[in-house]
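These notes are about the structure you will find just below.
The values are calculated or read from the model by the stated rules, or taken from the named source; none is laboratory data. Because the structure is a prediction, the values reported are computed rather than measured. Positions of Cβ are backbone-derived with ideal geometry, glycine not excepted, and every protein chain shown enters the neighbour counts.
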Amino acid sequence: MVPTTVRAALADQPVADAVCLEAGAGVGNTTEGLLAAGAERVYAVTDDPAHARATRERVGDGARAAVVRADVRAVPLPDDSMDLITAHGLCNVLPPDALDAALAELSRVAAPGARLVVDDYDPLPAGARMREVVALANAASDLSSGESALTFYPARHLRRVCEGWGWTVERETTLLEPVPWTPAHVRAHRDSAREALADESNAAAAAVRDALDRLDPTRAAGDAGRMYSLAFRRPA
Amino acid sequence: METRPLGETGHDSTVMTFGAIALNWLTQEGANQMVEHVLDAGVNHFDVAPTYGDAELKLGPKLRQHRDEIFLGCKTQARDYEGAREKLERSLDRLGVDQIDLYQVHGLEYEHELDEITDDDGALAAFRDAKDEGLIEHIGLTSHGSPQLILDAIDRIDDLETLMFPMNPVVVGKDDDEHDYAAVLERAESEGVGTLGIKAFARGPWGERPEADRPFANWYEPVDRPDEIRERFDFAAAQGLTSVVNPGDPKLVTMVVDAARRYDGMDDAAQRALVEKLRHEESPVPEQLHH
């Protein structure tokens, strides 16, 4: 099933007959959306083995779809080869330096005149209950790897980063407002945070683990914030 | 309360239709109060059926008192000429009125039923004769069936003036043909057919819970908080339906009335937020971290 967010983000894009790259394939939502909208071929790039498997099971790996196991900062595809690039909910899992490197790489493979669609979340507003979940996810990730798990970049920030790599913004739309953070999301983030802390034994890790144990997914969930879509174009 | 043209019937229906099945669970006095309550809010379109227990009888007194203020829809599950005629006469009798404004084929489910009702001896022939006699004014159809079946009905019934079918964020979020009621809405609009939305307030099936232990008189579990009722109403009305029918339990009606009075649109991002929330809530395992 293609989420309404994906459908809305692609609605005004020239997907038909385009060669597409989906950066950060997740479970294949956008890849399926691109195929449904008539893409000639979609390269679904992800470095996560579970996501690669999920996407492959969902869309197959054949004439129109190829699941590519790779870091979005080093995509094994030629220069100037993609007509349309999508990054649906990707940037928030990239810390600032990785974000910049990823956009450099995506810009390298983009053909002249190519389109880029970047969908992500504005920072959560003050008072949003989901902020506690994000804070714990980031603390867990920082303790284990030294990097944030989630960074919600304001739309204007991603706009500037992309402009810095030669893209011209064509439109900004709101995909979700408010963003429905459900108990399922809380549980998913809590479980990844626990996994990140699995091998950590210091006092800070113990404190974060305790806080994760006390997290009530139903109470921590709630509608908050905005998910936006930015569409860019490269000079022909 | 906002009104919208009911297709090409010439009637402007309020954005809420009163589903009079709610009267079945009330005493006559309570039913009278309920009718006054929805009329006070400005609701001008009522819908009833002979299969709703005593609803026709309990609607009768206030319907007759306020006949000019109410556009009355009724329906029949009979598929043949004789049966449809009998049921129509029975409903007129039980309601105590001379005319039903909108008479509908009730609950079309299978393709063979479409053959039956469109046959020379079918229910629609009885509807047309009744229309010529002035017993009914307009012809409609209701269905929880597949969108394709409803589209076929639009194609095969030239004098169809209204359709009643499910519309809610769960069906909108599913992009397969089995749930494509949006296609029905689109076709109905282009053919000038009025549209009435049902199941707008469905949360999901009751599951294992025995009927005697259910807290609401609906065959599905409804949403039951004012904020949920309001977002569901807004969503259904924002899809472009002529009117949205309340869930059948009388405890929920006043919340729907309130939502209908306050309705002033719902933007696309908020509609998608509701669709995505329900999609993620429905999913038994977390699909992924994002939307």
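All but one of (1) more than 29 Å from B:Leu278 (Cβ to Cβ); (2) within 14 Å of chain B (Cβ to nearest Cβ) hold for A:Ala149; state the number of the condition that does not hold.
It is condition (1) that A:Ala149 fails.
Does B:Val184 meet the test of being within 25 Å of B:Ser146 (Cα to Cα), over 15 Å from the mean Cα position of the chain (by Cα) and in a helix (DSSP H, G or I)?
Against the criterion (within 25 Å of B:Ser146 (Cα to Cα), over 15 Å from the mean Cα position of the chain (by Cα) and in a helix (DSSP H, G or I)), B:Val184 does not qualify.
Name the helices (runs of 4 or more DSSP H) wholly inside the stretch B:8-97 in which the number of residues that are more than 23 Å from B:Lys251 (Cβ to Cβ), at pLDDT 95 or above and not aliphatic (A, V, I, L, M) is 2 or more.
In the stretch B:8-97, B:55-65, B:81-95 are the helices (runs of 4 or more DSSP H) which contain 2 or more residues that are more than 23 Å from B:Lys251 (Cβ to Cβ), at pLDDT 95 or above and not aliphatic (A, V, I, L, M).
Within the stretch A:166-196, restricting attention to residues that are closer than 18 Å to A:Leu212 by Cβ and basic (Lys, Arg), which residue is nearest to the other protein chains (Cβ to nearest Cβ)?
Looking at the filtered set, the residue picked out is A:Arg187.
I'd like the full set of residues that are away from every other protein chain (no Cβ under 12 Å) and assigned to a helix (DSSP H, G or I), limited to the stretch B:149-170.
Selection gives B:Leu149, B:Ile150, B:Leu151, B:Asp152, B:Ala153, B:Ile154, B:Asp155, B:Arg156.
Any idea which of B:Ala238, B:Ala212, B:Ala269 is within 14 Å of chain A (Cβ to nearest Cβ), without any contact (Cβ under 8 Å) to a residue 12 or more places away in the chain and hydrophobic (A, V, I, L, M, F, W, C)?
B:Ala269
Output the qualifying pairs, or none if there are none: Cβ atoms under 6 angstrom, residues six or more apart or on different chains, first residue in the stretch A:104-121 and without any contact (Cβ under 8 Å) to a residue 40 or more places away in the chain, second residue among the acidic types (Asp, Glu) and surrounded by fewer than 24 Cβ atoms within 10 Å (Cβ to Cβ).
Partner pairs satisfying both residue conditions: A:Arg108/A:Asp79.
Name the residues in the stretch A:61-87 that are within 14 Å of A:His51 (Cα to Cα) and modelled with pLDDT of 95 or more, would you?
Within the stretch A:61-87, A:Ala66, A:Val67, A:Val68, A:Arg69, A:Ala70, A:Asp71, A:Val72 qualify.
When the stretch A:50-62 is examined, which residues are found to be within 20 Å of A:Arg73 (Cβ to Cβ) and in contact with a strand residue (DSSP E or B) (Cβ under 7 Å, 6 or more places away or on another chain)?
A:Ala52, A:Thr55
If I filter the stretch A:41-48 for residues that are touching a Phe, Trp or Tyr at 6+ places or on another chain (Cβ under 9 Å) and either within 11 Å of another protein chain (Cβ to nearest Cβ) or under 19 Å from A:Glu172 (Cα atoms) (or both), do I get at least one hit?
No, there is no match, as no residue in the stretch A:41-48 is touching a Phe, Trp or Tyr at 6+ places or on another chain (Cβ under 9 Å) and either within 11 Å of another protein chain (Cβ to nearest Cβ) or under 19 Å from A:Glu172 (Cα atoms) (or both).
One line per residue, one yes/no per condition, for (1) at pLDDT 95 or above; (2) at negative phi; (3) hydrophobic (A, V, I, L, M, F, W, C):
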site: B:Leu114; (1), (2), (3): yes, yes, yes
site: B:Leu135; (1), (2), (3): yes, yes, yes
site: B:Leu141; (1), (2), (3): yes, yes, yes
site: B:Glu186; (1), (2), (3): yes, yes, no
site: B:Gly192; (1), (2), (3): yes, no, no
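Conditions: (1) within 14 Å of chain A (Cβ to nearest Cβ); (2) more than 24 Å from B:Phe18 (Cβ to Cβ). B:Arg225 meets all but one. Number of the miss?
Every listed condition holds for B:Arg225 apart from (2).
Taking B:Val256 as meeting all but one of (1) buried (at least 19 other Cβ atoms within 10 Å of the Cβ); (2) within 14 Å of chain A (Cβ to nearest Cβ), write down the number of the exception.
(2)
Output the number of residues of the stretch A:197-221 satisfying the condition of being buried (at least 20 other Cβ atoms within 10 Å of the Cβ) and either away from every other protein chain (no Cβ under 13 Å) or among the hydroxyl-bearing types (Ser, Thr, Tyr) (or both).
Residues flagged as buried (at least 20 other Cβ atoms within 10 Å of the Cβ) and either away from every other protein chain (no Cβ under 13 Å) or among the hydroxyl-bearing types (Ser, Thr, Tyr) (or both) within the stretch A:197-221 amount to 3.
Without any contact (Cβ under 8 Å) to a residue 12 or more places away in the chain, within 13 Å of chain B (Cβ to nearest Cβ), hydrophobic (A, V, I, L, M, F, W, C) and in a helix (DSSP H, G or I), is that true of A:Ala54? Before you say what the answer is, go through the steps one by one.
Working: without any contact (Cβ under 8 Å) to a residue 12 or more places away in the chain: no; within 13 Å of chain B (Cβ to nearest Cβ): yes; hydrophobic (A, V, I, L, M, F, W, C): yes; in a helix (DSSP H, G or I): yes.
No: the conditions fail for A:Ala54.
Give the residues of the stretch A:57-82 that are assigned to a helix (DSSP H, G or I) and of a type outside the set (D, E, K, R), sorted by residue number.
The answer is A:Val59, and nothing else.
Can you give me the number of residues within the stretch A:7-37 that are in contact with a strand residue (DSSP E or B) (Cβ under 6 Å, 6 or more places away or on another chain) and at the interface with chain B (Cβ under 9 Å from one of its Cβ atoms)?
1
If A:Leu34 satisfies every condition in (1) in a loop (DSSP other than H, G, I, E, B); (2) out of contact with any His (no Cβ under 7 Å at 6 or more places or on another chain) but one, which is the exception?
For A:Leu34, the failing item is (1).
Given the criteria assigned to a helix (DSSP H, G or I), more than 10 Å from every other protein chain (Cβ to nearest Cβ) and out of contact with any Lys or Arg (no Cβ under 6 Å at 6 or more places or on another chain), does A:Ala236 qualify?
No; evaluated as a whole, the condition is false for this residue.
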